[in-house]
Amino acid sequence: MVTRYGCGCGLGCNVPTPTFSKTKTSDANLSVHNEKTYTTLQFECGKIDKEKLQRFADVLQNNTTITTLCLSWNVIGNEGLQYLANIFKINTTLTTLKLQGNHIDAQGAQYLADILQNNKTLMTLIFSDNTIGGDGVRYLANVLESNRTLKTLKLARNLINAEGAGYLANALEMNRALKTLYIQCNNIKDAGAQYLANALLNNTTLTTLDLAENGIEEKAVQYFTNALQINTVN
């Protein structure tokens, strides 16, 4: 069963905000805590702030049925992401987390790195349309080197630039789990493309790499042509 709040259109539209009670005994909270058939919760485009998320997090920590949490296009910010990090320290059921467009910067990326370091069940992370930049990507890349669970990572439109692409490339040389990486529209240019192409010489796990709209010139395509002649995906 899918429980949906907000339109889910991904455009940040203005829809009514879900009602949260201040106590765990509210009807809304009990439906999450006791219902055994829910597997997906969607609170998208609803402007869920950090205070409401904190109250919701208290219940979600011990839930054992929800596998997908969608919070895209809200305003949870860095502090809201910190609450989520606390959830993932305890919760062992969630496998998919969607946080697209949530006003999260490099500081918040540290909390996201904590999630990837401590949690062993998360397989899909959608984190596009935030502003973590090169510094934020460095935090993620450091833990991706040893992460053995995450399969899909989407970081489109995050101000990553060439330096950030270099951090991701270092992670890909060590990582043996990630299969899909989206980093469109991050202005990595030819320098960033070269870092990633070099990483593919050693990475035999990644099967999808999306680099659209990154200011990459034709000459940089040759980097990948050369790498793919050597790369053999397992």
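Read-outs: derived from the displayed coordinates by stated rules, not from any lab. Keep in mind that what you see is a predicted model, and the values were worked out from it rather than measured. Every residue, glycine among them, receives a Cβ derived from its backbone with ideal geometry; neighbour counts consider all protein chains shown.
Values as computed for the structure displayed
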item	result
Burial order of peptide ranges 90-96, 138-144 (average beta-carbon count within 10 Å, highest first)	138-144, 90-96
Extension gain from THR39 to SER146, taking 0.36 nm per residue of separation minus the Cα-Cα distance	35.7 nm
Approximate spin-label separation GLU51-VAL75, in nm, with each point projected 7 Å along Cα-to-Cβ	1.2 nm
Sites ARG176 and GLN222, calculated FRET efficiency, Cβ-Cβ separation with R0 25 Å, nearest 0.05	0.40
